[in-house]
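Here the structure is laid out as structure tokens; the discussion comes afterwards.
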Ligand code: SF4
């Protein structure tokens, strides 16, 4: 079913309010630097919003700066994360991206990006080892808070399943779709809501649809329900079919039994006599006709 622009806008607003009801409203932590903003994004990928905020605060309180975090061991960074129930494995990408920034900049700062055009920011991150493909877009959206909707893995997947973006939609197509449908002030609300939903419910593999409040709005789920219903229908037809097949089999077996019934000797001789008599009558008729 194709939705009009007005329907899509309405649907997107409904999605935001429904997800915020479930996961709470997402807000950026107050920004101290772009590096910090980026680290927050990395933590948030492995934690819920409040856990990510608390972990970020721990890094702020317990380390002199982000360079100290960079040179710390994975065990130390992991322990800080673990204090907030975040998997210590999240330390690996954080350390990698911090090392990547340092190796390209020779310092631990990204503040120069504030003056760059979005495409320059994207280009810069393409050259940073360990940087996720979507972190550039995230930072661009934070540079001017309402510049654009940052498309991420989770956002793309959830919007695709909800039927708002095509399954093969490119990042820029998804971005312009959202940009055209909602107000810039709502980009970040949608962004946080989609990431939370993608991490907790609309998982990449086997989404937890039964627990999802968006089921009536979701094209993927509606298709799945239809498929299930078709499967059930087939099952019922199968039952009737089974009965029919059983009756047919019974009939067949009876006929086979009948065919296989042993013929006694007397009947056989009678049959042969009858056949011979028929042959005789036939030849007599033929000779009569000749004379
Ligand atoms: S119903 Fe399922 S596929 Fe659709 S948004 Fe919810 S979790 Fe994702």
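One residue alone among 136, 131, 155 is in contact (Cβ under 8 Å) with a residue 40 or more places away in the chain, assigned by TED's automatic domain parsing to the domain that holds residue 205 and either more than 16 Å from the ligand (Cβ to nearest atom) or under 30 Å from residue 15 (Cα atoms) (or both), and that residue is 155.
If you scan the stretch 206-216, which residues turn out to be part of a helix (DSSP H, G or I) and within 8 Å of the ligand (Cβ to nearest atom)? If you could, list the steps in order and put the result at the bottom.
Applying the first criterion (part of a helix (DSSP H, G or I)) to the stretch 206-216 yields 209-211, 215-216.
Result: 209, 211, 215.
Among the residues of the stretch 170-200, those identified as surrounded by fewer than 17 Cβ atoms within 10 Å (Cβ to Cβ) and in a loop (DSSP other than H, G, I, E, B) are 170, 183. The single residue among 54, 10, 21 that is in the same structural domain as residue 158 (by TED's automatic domain parsing) and surrounded by 15 or more Cβ atoms within 10 Å (Cβ to Cβ) turns out to be 54. Residue 166 meets the conditions (1) within 16 Å of the ligand (Cβ to nearest atom); (2) closer than 25 Å to residue 6 by Cα; (3) surrounded by 18 or more Cβ atoms within 10 Å (Cβ to Cβ) in every case but one. The failed one is (3). When 228, 268 are checked against the criterion of being away from the ligand (no atom under 16 Å from the Cβ) and either closer than 30 Å to residue 161 by Cα or modelled with pLDDT of 70 or more (or both), a single residue qualifies: 268. Scanning the stretch 201-235 for residues that are touching a residue at least 24 places away in the same chain (Cβ under 8 Å), over 16 Å from residue 14 (Cβ atoms) and surrounded by fewer than 20 Cβ atoms within 10 Å (Cβ to Cβ) returns 204, 220. Residues of the stretch 179-193 that are within 17 Å of residue 10 (Cβ to Cβ) and within 16 Å of the ligand (Cβ to nearest atom): 190, 193. The criterion of being surrounded by 18 or more Cβ atoms within 10 Å (Cβ to Cβ), under 22 Å from the mean Cα position of the chain (by Cα) and in contact (Cβ under 8 Å) with a residue 40 or more places away in the chain does not hold for residue 38.
Does residue 113 satisfy the condition of being assigned to a helix (DSSP H, G or I), closer than 15 Å to residue 135 by Cα and touching a residue at least 24 places away in the same chain (Cβ under 8 Å)? Please lay out each step first, then the result.
Values: assigned to a helix (DSSP H, G or I): yes; closer than 15 Å to residue 135 by Cα: yes; touching a residue at least 24 places away in the same chain (Cβ under 8 Å): yes.
The answer is yes for residue 113.
Those residues that are assigned to a helix (DSSP H, G or I) and without any contact (Cβ under 8 Å) to a residue 24 or more places away in the chain, I need them from the stretch 58-82; list them, please.
Within the stretch 58-82, the first condition is being assigned to a helix (DSSP H, G or I), and the residues that meet it are 58-62, 66-71, 74-82.
Across the stretch 58-82, the qualifying residues are 59, 61, 62, 68, 71, 74, 75, 76, 77, 78, 79, 82.
Restricting attention to the stretch 21-37, the residues that are modelled with pLDDT of 90 or more and in contact with a helix residue (DSSP H, G or I) (Cβ under 6 Å, 6 or more places away or on another chain) total 1.
The values are calculated or read from the model by the stated rules, or taken from the named source; none is laboratory data. Just so it is clear, the structure is predicted and the values come from calculations on it, not from any experiment. Note: ideal-geometry Cβ built from the backbone for every residue, glycine included; neighbour counts use all protein chains shown.
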